[in-house]
Amino acid sequence: MNQVKAAAATLAIALCFSAAAFGAASSVATASHSGGGVTVKATYHTPQPPNELRFEVQLDTHSVNLDGYDLQNLALLRDAGGKTYRPVNVEAKGSGHHRDAVVVFPQPPGGPQHVELVIKDIGGVNERILRFQIS
């Protein structure tokens, strides 16, 4: 019976350490901006596939029809040096007052840095800047 308890305790400890290690290997950062009746929320997940950054973007409103907004043309990424990048892919879904998209950018050179996801001209707001630390 003592061996079963010892084995169970060892397993429980191993699971705790593996869960902590898994959490340390993957981080999530979320930023949002509200204005003009529209909330833009973006989430960056690490690690990413090599050479690209992916952001999950949610547009939410109760007063603006979001169907006319194309994130392929309205989103850009600005690196720490001020260089901007256009999306290489946008996978959008939803309509009306709730839109979701995965916006993919090329990985800026230079390693870990602060970047800005810029969403332009939605709900009368000229520029929404969402800041992230990438690694």
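Of all positions in the range 103-115, at least one carries a residue that is within 14 Å of the chain's Cα centre (by Cα) and of a type in the set (S, T, N, Q). The set of residues in the range 84-105 being small (Gly, Ala, Ser) and out of contact with any helix residue (DSSP H, G or I) (no Cβ under 8 Å at 6 or more places or on another chain) consists of 94, 95, 96.
Of the residues making up the range 27-47, none is farther than 15 Å from residue 99 by Cβ, in a helix (DSSP H, G or I), modelled with pLDDT under 75 and of a type outside the set (Phe, Trp, Tyr). Of the residues in the range 62-76, at least one is in contact with a strand residue (DSSP E or B) (Cβ under 7 Å, 6 or more places away or on another chain), of a type in the set (D, E, K, R) and modelled with pLDDT under 90. Taken as a whole, the condition of being within 20 Å of residue 32 (Cβ to Cβ) and crowded, with 18+ Cβ neighbours inside 10 Å applies to residue 122.
Restricting the first member to the range 59-87 and to residues that are buried (at least 16 other Cβ atoms within 10 Å of the Cβ) and part of a strand (DSSP E or B), and the second to residues that are at pLDDT 95 or above and hydroxyl-bearing (Ser, Thr, Tyr), the beta-carbon pairs closer than 6 Å and six or more apart or on different chains are 76/84; 77/85; 78/84.
Remark: residue 108 falls outside the filter, which requires a residue to be outside any strand (DSSP E or B), at pLDDT 90 or above and in contact with a helix residue (DSSP H, G or I) (Cβ under 8 Å, 6 or more places away or on another chain).
The values are calculated or read from the model by the stated rules, or taken from the named source; none is laboratory data. All values derive from a computational prediction rather than experimental measurement. Positions of Cβ are backbone-derived with ideal geometry, glycine not excepted, and every protein chain shown enters the neighbour counts.
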